[in-house]
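Worksheet: one structure, shown below.
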Amino acid sequence: MKNFRLNHLRELEAESIYVIREVAAQFERPVMLFSGGKDSIVMFHLAIKAFYPARLPFPLLHIDTGHNFRETLEFRDALMERTGTRLEVRYVEDSIKAGKVAEETGPNASRNRAQTVTLLDALEELKVDAAMGGGRRDEEKARAKERFFSHRDEFGQWDPKNQRPELWNLFNGRKNMGEHFRVFPISNWTELDVWQYIALENIDIPSLYYTHEREVVERDGVLLAKSPYIQLREGESWEKRIIRFRTIGDMTCTGAVESRADSLTDIINEVASSRITERGARADDKRSEAAMEDRKKEGYF
Amino acid sequence: MDAQTLLQNYHTSELLRFTTAGSVDDGKSTLIGRLLYDSKAIFEDQMEAIEQASMRTGAEDVNLALLTDGLRAEREQGITIDVAYRYFATPKRKFIIADTPGHVQYTRNMVTGASTANAALILVDARHGVIEQTLRHAFIASLLQIPHVIICINKMDLVDYKEDVFEEIRTTFMGFAAKLAIKDIHFIPISALKGDNVVRRSTKMDWYQGPTLMYLLENVYIGSDNNHIDARFPVQFVIRPQSAEFPDYRGYAGRLASGTLRVGDEVVVLPSGFSSRIKSIDFYKEHQDMAFAPQSVTLTLKDDIDISRGDMIVRANNRPQVSQDIDLMICWLNEKAMTPGGKYALMHTTNAVRCMIKEVTYKIDINTLDRNTEDKHIGMNDIGRIKIRTTKPLFFDSYRKNRVTGSLILIDEATNVTVGAGMIV
């Protein structure tokens, strides 16, 4: 705090809190998307700080693919109870049963894409006008051009060529009926910032992020955890490895990395010296070079 | 990067935001690629992806520029169509690059990238020297009051690393810059392609004694980039828990736009003009003695006053201007030209009002800086001086004094799109 300067984590924190408060002030029915991953945990922590001593003026929304890690759901429920936060859960399973989206089949089947349908339905059902997400611009090329306040048309779609200019800290949340916004309060954070902040603030995270032994299968260079949702192909077999997860998503597409990091210091060291991006371990982004861009246009997170 | 150093330094590391400007061929993407590559911010899988992409287009070398060309539409057309944000860190600082393209929509994009920047990097091709576009970029940097401007004279390898080429460009540029309001300006001879003076000191230019680009980015003094004098606290959100534990808590949440506030300070609330003292400055469970820009905090006051979003808390003896008639420089961002006499929605700090365009004073010829009082048509990418009248008074400072309370945006009420960026004179 010398010479009235904030360190970079405190400056990012101040910016994110400002954005979250803007959402609460400008919109009538905002929600904060929560997946149980580290980015949404940090975003939630920032929201708590933004409104303390009051409770959050909006609920959290979790789109449950039905393919979550057990540890993630347990962590989520404990966190909601401890903080007295309102949580809405909507299930991809329900969208599939209602015939709104077909289940993918085959050895690489995933509900990653299907969850967009459930998400858009949930936003409509809850009449949400702004959904905050934990997306970061450093994650992926298509995210690098995302605004803090990202406008979506009445079909929930993103038009990357026609984004609103975003200047200074003036966030334009005006919209027509039926349209909504996606807001990304931690846009300017990198993976390393998130980990450093978790250490700085001593934030609790799911055990999946720390080293543990688990049965996995190596497929196309990605280590996938054993689960009922993954069928082995010919020549593949489960094997025990010492791993941890750098990101947490669906069990069908979240890749593990071999690691013995059992503390935040170890994790930060590992991230700082890592030579592969965290999304590099996700099978959903490997599908094509423009995979994320395509999913985002459809209304993905 | 040494992980241990990085780990130890995160308590002191600062954030520097910079924007890059240059035309299509002067090597801007290569320079950014070089900064990312030499600071080890490029990962193996990203490198793998651009190697494959380079091969597909039939390029001979790995094209570092592909790292910064984000969207598929752009990759196909080979141009960058929007502002893209890039990140890298050294043990001293974390950097956010707002990478803006140099083609047709340059003004709109550069203004966007420049609005939050501490520094601007302007690239000049050593073979071509100062061209019209260089001057436009310098003008925008000056208009947006970017505190530090760094002129990178690139492709020095193609002019045999000659000192006189560098000196001539510097002299020409300084002649032009005399007409501008740039506070801090630096010149560096570099070769982004070969890496001279970007991260590593060049061995080919002994005549240059100044810092490398990376050294400058790590060390340029940004401590006075924020206004630390005029305390301005736009109220963003009122926090009223009404809970058993905090039955009477009434906090005013916001981010200090500038200056400092301390517990016990005598303050005035605008527009009501009521005065009170600061009872506490809260940040989560901590009670701070003081707050400074750009901290996000929550203030409580000694007296019960009706305060809502859009109000501004300031010191009794240092007040902003309060007026409905405002004189500003406008940069137009939309294909649909500004309508004289037209009405627009306006956002300024946490205030949302409506306004009418009363008069176009002049339009600036961005190439000559001449003021045109004949042609007052303000279209896409045009910059002009205008007068507006707002439906309610705004509390503001001149943009030159305060980049937060001096800036505003205009919004088309029919489409809700942001169409103008205003800097109050």
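The values are calculated or read from the model by the stated rules, or taken from the named source; none is laboratory data. From a predicted model like this one, the values you see are computed outputs, not experimental measurements. As a convention, Cβ positions derive from the backbone with ideal geometry for all residues, glycine included, and neighbour counts pool all protein chains shown. Remember, those area values only see protein heavy atoms, side chains included, never the ligands or the DNA or RNA. Shrake-Rupley method; radii C 1.70, N 1.55, O 1.52, S 1.80 Å.
With every protein chain in place and a 1.4 angstrom probe, the accessible-area ranking of A:E201, A:E74, A:E146, largest first, reads A:E74, A:E201, A:E146.
Within the assembled protein chains, the solvent-accessible surface assigned to B:R277 is about 110 Å², based on a 1.4 Å probe.
If you wrap chain B in the convex hull of its Cα atoms and look at it from every side, the mean projected area works out to 24.0 nm².
Here the stretch B:232-315 is treated with +1 on each Lys and Arg Cβ and -1 on each Asp and Glu Cβ, and its dipole about the Cα centre works out to around 220 debye. Measuring with a 1.4 angstrom probe and ignoring ligands and nucleic acids, B:K28 comes out at about 20 Å² accessible.
Among the protein heavy atoms, those of A:E88 account for about 50 Å² of accessible surface (1.4 Å probe, every chain in place). Under 26 Å of direct C-alpha separation, and excluding same-chain neighbours fewer than eight residues apart, B:K376 reaches these lysines: B:K179, B:K336, B:K343, B:K358, B:K363, B:K387.
Can you give the mean number of other chain Cβ atoms that lie within 10 Å of the Cβ atoms in peptide A:49-62?
For peptide A:49-62, the averaged partner shielding equals 4.
Within 10 Å of the Cβ of each residue in B:405-417, the mean number of Cβ atoms contributed by other protein chains is 3. Between B:T19 and B:A98, B:A119, B:A120, B:L121, the built amide H atoms are under 5 Å apart, and every one of these is 5 or more places off in sequence or on another chain. Within the protein assembly as shown, DSSP assigns beta bridges of which about 70% are antiparallel (rounded to the nearest 5).
With the dipole of the protein assembly as shown worked out from charges on the C-beta (+1 for Lys and Arg, -1 for Asp and Glu) around the Cα centre, which of B:A98, A:H151, B:T116 lies farthest toward the positive end? The one lying farthest along the dipole's positive direction is B:T116.
As a check on your grasp of the helix formula, calculate [θ] at 222 nm for chain A: sum -39500 (n - 2.57) over DSSP H runs of n ≥ 4, divide by the residue count, round to the nearest 500.
-9500 deg cm²/dmol
What's the magnitude of the charge dipole for chain A around its Cα centre, counting Lys and Arg as +1 and Asp and Glu as -1 at the beta-carbon? Answer in Debye, nearest 20. Rounded to the nearest 20 debye, it is 660 debye. Both radii come from the Cα set of chain A: Rg as radius of gyration, Rh as Kirkwood radius; their ratio Rg/Rh reads 0.95.
Highest mean packing comes first when the peptides B:221-230, A:205-214 are listed by Cβ atoms within 10 Å, giving A:205-214, B:221-230. Listed by chain and number, the lysines placed with their C-alpha closer than 26 angstrom to that of B:K162 are B:K28, B:K194, B:K204; residues fewer than eight positions away on the same chain are left out.
Each peptide among B:86-94, A:10-18 gets the average number of other Cβ atoms lying within 10 Å of its residues, and from highest to lowest they stand as A:10-18, B:86-94.
Relative contact order for chain B: what percent, with Cα pairs under 8 Å and sequence separation of 6 or more? In percent, rounded to a whole number, it is 11.
What the Kirkwood sum gives for the protein assembly as shown is a hydrodynamic radius of 26.9 Å, with every pair of different alpha carbons counted. Taken residue by residue and averaged, Cβ atoms of other chains lying within 10 Å of the Cβ of A:14-21 number 6.
From most to least packed by mean Cβ count within 10 Å, the peptides B:239-246, B:347-354, A:262-269, B:402-409 give B:402-409, B:347-354, A:262-269, B:239-246. Here the 3J(HN,Hα) profile of the stretch B:256-265, calculated from phi with Karplus coefficients 6.51, -1.76 and 1.60 at θ = phi - 60°, is 4, 6, 6, x, 10, 10, 10, 4, x, 4 Hz, Gly and Pro shown as x. Here's the list of aspartates and glutamates a cross-link from A:K240 could span, going by alpha-carbon distance under 17 Å and ignoring same-chain residues fewer than 8 apart: A:E213, A:E215, A:E218, A:E258. Counting only the Cα atoms, the stretch B:123-278 fills a convex hull of 184 Å³ per residue.
Here is how the number arises for chain B: DSSP H runs of 4 or more residues each give -39500 (n - 2.57), the sum is divided by the residue count, and the result at 222 nm is -5500 deg cm²/dmol. These residues, A:W238, A:W195, go from largest to smallest accessible area, 1.4 Å probe, as A:W238, A:W195. Considering every alpha-carbon pair of the stretch B:321-424, the percent of pairs per 10 Å bin, from zero through the bin containing the longest distance, is 16, 52, 29, 3. Pairwise Cα distances in the stretch A:43-173 exceed 23 Å for 46 percent of all pairs.
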